[in-house]
Amino acid sequence: MGKIIIAGNWKMHKTQAEALEFLHVLKSSLEEANEAREVVLCAPFTALGIMSKSLHGGLIRLGAQNIHWKENGAYTGEISGPMLTELGVEYVVVGHSERRQYFGETDETANYRVIAAQSHGLTPILCVGETKSQRDAGETETVIINQIKRGLVDVDQNNLVIAYEPIWAIGTGDTCEASEANRVIGVIREQLSNQEVTIQYGGSVKANNIDEIMAQPEIDGALVGGASLDPVGFARIVNYH
Ligand code: 13P
């Protein structure tokens, strides 16, 4: 078991004004929250600065959605570690399936980004997951084990979060059965030298299924997409029973 981390991945949603409005509502809904649960919001780059000023410490941590492996250079459209740490960012999503599917991310580039994140004191959230056709072909374990092995070359497992996000469950409302997510996360854990790494589940996590997901022994948290956009619903997820 690792530390419990509930993270929202806003993807390409929310302007600065919308982000501040969200924080205003979320902060008031988290008063009763269990302090042992870390809450992370992975916001678009453009909202990070103003969110950081609004949070200044507190229960809620900031995350970004990508990081380049170089500190600076001719890499149009990319963001580096120092640019994120200056804004008070602590976490960064790496190798999300949408980056892999639409923007050519590979296990190798995800690995570079994980190492870069760690070298700047950020905690990477490395995403892995199989497609529907890979699952149907009985390849789930092989695909996941390969993603983990390649993604973690030369990576320090003392500052790492992994998110198991089956691609067929993302944004589809088709959640992976909690027991099956638990089983695959157990397979991931067998690949790790540090058994304390936080391993989250992601894919259609909602207020009405979070309790069952978090009741699973191998699952240390959630990476929540669509259901993290509404502060009241997200607070219910953070305050899972
Ligand atoms: P949904 O919760 O919208 O399925 O997205 C999951 C996800 O991709 C989080 O990174």
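Over all Cα atoms in segment 75-147, the spread is summed up by Rg and Dmax: 14.1, 45 Å.
When a/c is below 1.5 the answer is rounded, else prolate if a/b is larger than b/c, else oblate, so apply that to segment 1-62 with a ≥ b ≥ c taken from the square roots of the Cα gyration tensor eigenvalues. Because a/c hits 1.5 or more and a/b exceeds b/c, segment 1-62 counts as prolate.
Mean projected area of the Cα convex hull of the chain, taken over all directions, amounts to 11.8 nm². Working note: 222 nm ellipticity from helices only, DSSP H runs with n ≥ 4, each -39,500 (n - 2.57), summed and divided by the residues of the chain, gives -11000 deg cm²/dmol to the nearest 500. Between the listed residues Val92, Val39, His24, the Cα displaced farthest toward the positive end of the dipole of segment 22-108, a dipole computed from Cβ unit charges relative to the Cα centre, is found at His24. Label sites at Thr76 and Ser119, each approximated as a point 7 angstrom past Cα along Cα to Cβ, lie 2.5 nm apart.
Under the simplified labelling scheme, the Arg183-Met12 pair shows an inter-label distance of 3.6 nm, with each label point 7 Å from Cα along Cα→Cβ. Extension gain, Ala215 to Lys53: 0.36 nm times the residue separation minus the Cα-Cα distance gives 54.9 nm.
Across the chain, Cα pairs under 8 Å and at least six residues apart give a relative contact order of 23 percent. Over all distinct Cα-Cα pairs of segment 141-191, the Kirkwood formula returns a hydrodynamic radius of 12.1 Å. Taking each of Lys70/Lys132; Lys14/Lys132; Lys27/Lys206; Lys14/Lys149; Lys3/Lys132 in turn, the alpha-carbon distance tops 23 angstrom for Lys70/Lys132; Lys14/Lys132; Lys14/Lys149; Lys3/Lys132. Ranked by the mean number of other Cβ atoms within 10 Å per residue, highest first, peptides 66-78, 179-191, 111-123 order as 111-123, 179-191, 66-78. Extension gain, Gln191-Val153: 0.36 nm per intervening residue step, less the Cα-Cα distance, totals 12.5 nm. Normalised by the number of residues in segment 1-119, the mean separation of alpha-carbon contacts (under 8 Å, six or more apart) gives a relative contact order of 23 percent. Its Cα centre serving as origin, the chain has a Cβ charge dipole (Lys and Arg +1, Asp and Glu -1) of approximately 400 debye. Dimensions of segment 8-149 based on its C-alpha atoms, expressed as ranges along the principal axes with the largest first, amount to 46, 39, 26 Å. If the chain linking Lys3 and Ser29 were pulled fully straight, counting 0.36 nm for each residue of separation and taking away their Cα-Cα distance, it would gain 7.2 nm.
Values in this text are rule-based calculations from the coordinates and carry no lab data. Quick caveat, the model's predicted, so the values are computed rather than measured. Please note: Cβ atoms are built from the backbone with ideal geometry, for glycine as well, and neighbour counts cover all protein chains shown.
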